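Every number here is computed from the coordinates shown, using simple stated rules; none is lab data. Note that the coordinates shown come from a computational prediction; the quantities given were computed from them, not determined experimentally. Cβ atoms come from the backbone with ideal geometry, glycine included; neighbour counts cover every protein chain shown.
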Amino acid sequence: MCRSPSVTINNYSVSSSSSKRVAVITSAKFESAIMLLQQIPTGPIILALFIIVALVGFVGMLGLIAFLFSRAAKRRTGDPERGRQMQQAAGQLGLSFSPTVQVGSVPFLAGYKLSEGHPSTVENLLTGQVNGLNVAVFDLAFRNAGGAVGYGSTTSRQTMFAVTSAQLNLPEFYLEPEGMSEKLLSEFSRIDIDFPERPVFSDRYLLYGADERAIRGLFSIGKLDFFEQNQGLSVFGRANLLLLHRSRTQAPPDQIAQYVNFLSFLHGVFRQR
């Protein structure tokens, strides 16, 4: 009688006939599993996956919309935490603090034309004396320039620093970083006052005002040197007033004292000798 040949695997003897039976059984189970899978309807599964993906996308979109609305509301109403920090800065400098005032109630903004947009509210107003000078620090909220009526629906803020002094006697002038107000120049017939002998200053800054001769006389070599070394400043001057800011930039509350010291230095640059 012939015996089926056998093989030894890990010290176990397995006949070739047994191996064939195992292979046949395994193949049959695999085919049965394939048939069962083929009988499962794929349409509902695909629909369920589509619904899950759509729900996840919808929830994500709702979250994004809520975030954008929250951010927009915050930009319109201001940041309460910043208000508390600005009030602390006022106390450290010995200045009075007002959380919100109307633009019309701030006298040194009268007649001031903001190139970035339309002023709407003065927030976190600090006023008083520092280094013997009357100073004011505030966040100016404004609607950005643009749109059919000249300004859009978005709101921006920037911290502004003001000083009034009897030692100032300035012609009205606006000084802004070059590139900000070319459109406004054409709209309001403003002329950029350049200094051909100072190309660095003329390339970096836009200087304009009604009395060009007086403004040229005001901007001496020392002042041109100062602004060439300090870029990105926006300055407005008129009579006994100086306004300083960086466009659409809010100063950190813990740096307000440094900015006020810089404002005092700027006052020294422009004061009468």
Per principal axis, largest first, the Cα atoms of region 79-270 extend in Å by 47, 43, 25
A chain fully extended from ARG246 to ASN230 at 0.36 nm per residue, minus the present Cα-Cα distance, gains in nm 4.6 nm
Of region 112-135, those with amide N under 20 Å from the point 7 Å along the Cα→Cβ vector of SER105 are 112, 119-129, 135
Least to most buried among TYR259, TYR208, by other C-beta atoms within 10 Å and fewest first, runs TYR259, TYR208
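Roughly speaking, what is the stretch gain from ALA210 to ALA239, that is 0.36 nm per residue apart minus the C-alpha to C-alpha distance, in nm to one decimal?
Working: separation 29, 0.36 × 29 = 10.44 nm, distance 1.35 nm.
Gain in length upon complete extension: 9.1 nm.
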For region 100-109, in residue order, the Karplus 3J(HN,Hα) values (coefficients 6.51, -1.76, 1.60; θ = phi - 60°; whole Hz; Gly and Pro = x) are 8, 9, 6, 4, x, 8, 9, x, 6, 8
Contour minus Cα-Cα span, PHE195 to PHE262, at 0.36 nm per residue, comes to 21.6 nm
Gyration tensor on Cα atoms of region 187-270, a ≥ b ≥ c root eigenvalues, a/c under 1.5 rounded, else prolate if a/b beats b/c, else oblate, says prolate
Amide H contacts under 5 Å for GLN250, restricted to residues at least 5 apart in sequence or on another chain and with H modeled in the peptide plane, are THR159
To the nearest 0.05, the calculated FRET efficiency linking VAL59 and ASP79 through their beta-carbon distance, R0 being 22 Å, is 0.20
